[in-house]
Amino acid sequence: MTAQTHRERALEVARRQGIARGRDFDAAGVPRVYLQRLRDEGVLEQVGRGLYKLAGTESSSGASLAEATRIQPKGIIGLLSALQFHNLTTQTPHAIWMLLGPKDWAPTNPSVSLKIIRASGEALTAGVENHQIDGVAVPITSPAKTVADCFKHRNTIGLDVAIEALRDLLKTSTGRTGLNELWRYAAIDRIQTVMRPYIEAMTS
């Protein structure tokens, strides 16, 4: 295989993946030494440990979410990070909040700071939307599921943050018309009793 073929394959992988992992290049038969060479030439940009994208491609405001997904593809962006993505909070999280299954691998020393919250069953899988960010399909909890999760984990993120998110959600037409959806996720998270007085106060 020629150097030019390695180069072409590397560029193809980077275009297809948006943010590509070393193993993506391995699968395409591109030796790691070529990644370093392309990085040094300014063709690829290293955005994290073992993560590369095409140099010069503009990163969105959610670039760190895409990077987190490439680090742990089983993770689901949720809680404070999902609130920020959906514009339901004034908080600026200092880490990417990620939901993982009980036995899923938690990255050690990742290139972006991760706050791991364990979940299982429908509490993990329900209400997940895929959003394209920098060419990466990023799983993010929906606005209603995110608000329910924030009440479930209120002792971790703060009850005031959860209340603010609920208020902001209900200000939107989606929030007002999606109360049944909100109640469904509250039931999945088993926090109907906790949420009921706040929802009733804000919708009465």
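Here, each number is a calculation from the coordinates, and none is a lab measurement. Here the structure is a predicted model, which is why all the values come from computation and not from measurement. Heads up, the Cβs are rebuilt from the backbone with ideal geometry, glycines too, and the neighbour counts pull from every protein chain shown.
Tabulated data for the structure shown
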{"quantity": "Signed unit charges on C-beta, dipole axis of the chain, positive-most listed residue Ile76, Ala137, Trp183", "calculated": "Ile76"}
{"quantity": "Highest-first arrangement of 117-123, 148-154, where packing means the average Cβ count within 10 Å", "calculated": "148-154, 117-123"}
{"quantity": "Other-chain or far-sequence residues with amide H under 5 Å of Val138's (modelled H)", "calculated": "His131, Gln132, Ile133"}
{"quantity": "Cα gyration tensor shape for the stretch 18-58, rounded if a/c is under 1.5, else prolate or oblate", "calculated": "oblate"}
{"quantity": "The stretch 3-54: relative contact order as a whole-number percent, Cα under 8 Å and 6+ apart", "calculated": "40 percent"}
{"quantity": "Relative contact order (%) - the chain, alpha-carbon pairs under 8 angstrom, separation at least six", "calculated": "17 percent"}
{"quantity": "DSSP beta bridge pairing in the chain, given as percent antiparallel to the nearest 5", "calculated": "70 percent"}
{"quantity": "3J(HN,Hα) from dihedral phi, the stretch 105-120, Karplus parametrisation 6.51/-1.76/1.60, rounded to Hz, x for glycine, proline", "calculated": "5, 9, x, 9, 6, x, 6, 10, 6, 10, 10, 8, 10, 8, 8, 8"}
{"quantity": "Value at 222 nm in deg cm²/dmol, rounded to 500, when DSSP H runs of n ≥ 4 in the chain each add -39,500 (n - 2.57)", "calculated": "-14000 deg cm²/dmol"}
{"quantity": "Calculated from backbone phi, Karplus (6.51, -1.76, 1.60) coupling profile of the stretch 76-88 in Hz, x at Gly/Pro", "calculated": "10, 5, x, 6, 4, 5, 5, 4, 5, 4, 8, 6, 10"}
{"quantity": "Student exercise, the chain dipole from Lys, Arg, Asp, Glu Cβ charges, in Debye to nearest 20", "calculated": "380 debye"}
{"quantity": "Crossing angle, helix 3-17 versus the chain [Cα axis fit, 0-90 degrees, rounded to tens]", "calculated": "10 degrees"}
{"quantity": "Helix 179-188 axis, angle to the chain major axis (alpha carbon atoms, nearest 10°)", "calculated": "80 degrees"}
{"quantity": "Overall form of the chain per C-alpha gyration tensor (a/c, 1.5; a/b vs b/c)", "calculated": "prolate"}
